[in-house]
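Take a look at the structure set out below.
The values are calculated or read from the model by the stated rules, or taken from the named source; none is laboratory data. Bear in mind that the values here come from a model prediction, so they are computed numbers and not experimental data. Cβ sites come from the backbone with ideal geometry, for glycine too, and all protein chains shown count toward neighbours.
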Amino acid sequence: MTTLHPRAYKVTVVWTLGLLFLGSIVHATESSLACPDWPTCFGSMVPEMTGGVFWEHLHRLVAGGLVMMFALATWLAKKETSDRPWIFRASLAGVGLLLVQSVFGGLTVIYQLPDLVSTTHLSLAFIFLSLATVLATATHGSTGSGSPPTIEGFGAGEGRRLTLIAGAGAILVFLQSALGALVRHTDGGMSCPDVPLCLGQVVPPLVNVQITSHVLHRFMAVIATLVVIGLYRWALRAEVPTRLRRWIAGAVALVLIQVALGVVSVLTILAVPPVSLHTLVAAALLSLLVGLATIGTRAASTVEQPELVETR
Ligand code: HEM
Ligand code: HEM
């Protein structure tokens, strides 16, 4: 039987990445208050798309498209996953999350960008992306008849270890991203104008929230990078299938690119391209780590319940 929900979840993940990137451009181009009202823009759903209105209204339109896309995926999941009710329930929670997120987007406009509301807007976006990634990975290869196929040559022990390390990496990257959003929204991006030192010191006097969060953001970058490299070293030692090892190598590449983008953001005094890409690559890295952790859980649970295993 052809099932459509796995594809719909994958499209949702890619769409969310695009939307996140656009949201970051909205902030970087100082277009956040280009539409003074919400949900309309200058009282219209089709305003003149010029200047900042282009970025802000495009972000809203793409967000509307995402809500519709994900509602469709949820409806498909209800029809096609009656044997795994948790998928529909998790998907329904995602629809709720998207609606809350849209209200937060509106609040950023109505209350003129309070730091915490903007930081929450990014954090909720990353939580939704993680949920969509879990759904896309958990349903990958599903034919509608029982559980999707497992990965050949991958044991339960390796599966659990993969979930543990990739999951720890994902949590770190999420916290690091929320902290980054705080740096951004409290205008702390240039509070350390030099790199790798901050104001000429490894740890300068932590006199305000801007310097404190920026310094913490740099230290946490080192820890997150080490965890992702640790995951790759484990994959080299453990009997991890080659395809999966390539994805893990992809995570290493992304974390290194992310650090480089952070450095370039500071050196270019927060130029639009590096800061916007810095948001996009953080999101892609988070999504990849969440996907890997989900693959680990899938492998562990299918190997432990052999009657569910259906190899290709
Ligand atoms: C119609 C609903 C929405 C509105 C009105 C809206 C509005 C905005 C505004 C005004 C900004 C700039 C915020 C700032 O400068 O502080 C922004 C940024 C952003 N938006 Fe939305 N948004 C909406 C929906 C969404 C959705 C559904 C997502 C993702 C699932 C999302 C993800 C983001 C992200 C990641 C940023 C960048 C935040 C940052 O740089 O820290 N938005 N949005
Ligand atoms: C694993 C590594 C890293 C991750 C996951 C990460 C993630 C993020 C995220 C998600 C944001 C918020 C973007 C937004 O609100 O749209 C941010 C902001 C920022 N990050 Fe990072 N980051 C990392 C490493 C670094 C490094 C190494 C540096 C500098 C040496 C850096 C410098 C910055 C700066 C300056 C901002 C604020 C940008 C602005 O004000 O527009 N980041 N980071």
### Summary
Among Ala221, Ala260, the single one that is assigned by TED's automatic domain parsing to the domain that holds Val183 and within 7 Å of ligand 2 (Cβ to nearest atom) is Ala221
### Query
Of the conditions (1) over 15 Å from Arg184 (Cβ atoms); (2) of a type in the set (A, V, I, L, M); (3) under 14 Å from the mean Cα position of the chain (by Cα), Ala260 fails just one. Which one is it?
(3)
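Within segment 106-143, work out how many residues are within 17 Å of the chain's Cα centre (by Cα) and not polar (S, T, N, Q).
Here is the first cut: in segment 106-143, the residues within 17 Å of the chain's Cα centre (by Cα) are 118-138.
Next cut, not polar (S, T, N, Q) only: 121-122, 124-129, 131-132, 134-136, 138.
Number of matching residues: 14.
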## Note on the structure
Filtering segment 53-107 down to residues that are among the basic types (Lys, Arg) and either within 16 Å of ligand 2 (Cβ to nearest atom) or outside any helix (DSSP H, G or I) (or both) yields Arg84
### Task
Of the conditions (1) touching a residue at least 12 places away in the same chain (Cβ under 8 Å); (2) over 17 Å from Leu175 (Cβ atoms), Leu236 clears all except one; give me its number.
(1)
## Note on the structure
Checked pairs for segment 183-196, first within 15 Å of Thr268 (Cα to Cα), second of a type in the set (Val, Ile, Thr) and in a loop (DSSP other than H, G, I, E, B), C-beta under 9 Å and 6 or more apart or across chains, list as Gly189/Ile269; Met190/Ile269; Pro193/Ile269; Pro196/Val202
### Summary
Going through (1) in contact with a helix residue (DSSP H, G or I) (Cβ under 6 Å, 6 or more places away or on another chain); (2) within 13 Å of ligand 1 (Cβ to nearest atom); (3) free of Cβ contacts under 8 Å to residues at least 60 places away in the same chain; (4) part of a helix (DSSP H, G or I) one by one, Ser31 fails only at (4)
### Task
Identify the single condition in (1) at pLDDT 95 or above; (2) assigned to a helix (DSSP H, G or I); (3) surrounded by 17 or more Cβ atoms within 10 Å (Cβ to Cβ) that Gly189 does not satisfy, given that it satisfies every other one.
(2)
### Query
Does Thr133 meet the test of being over 16 Å from Phe21 (Cα atoms) and among the polar types (S, T, N, Q)?
yes
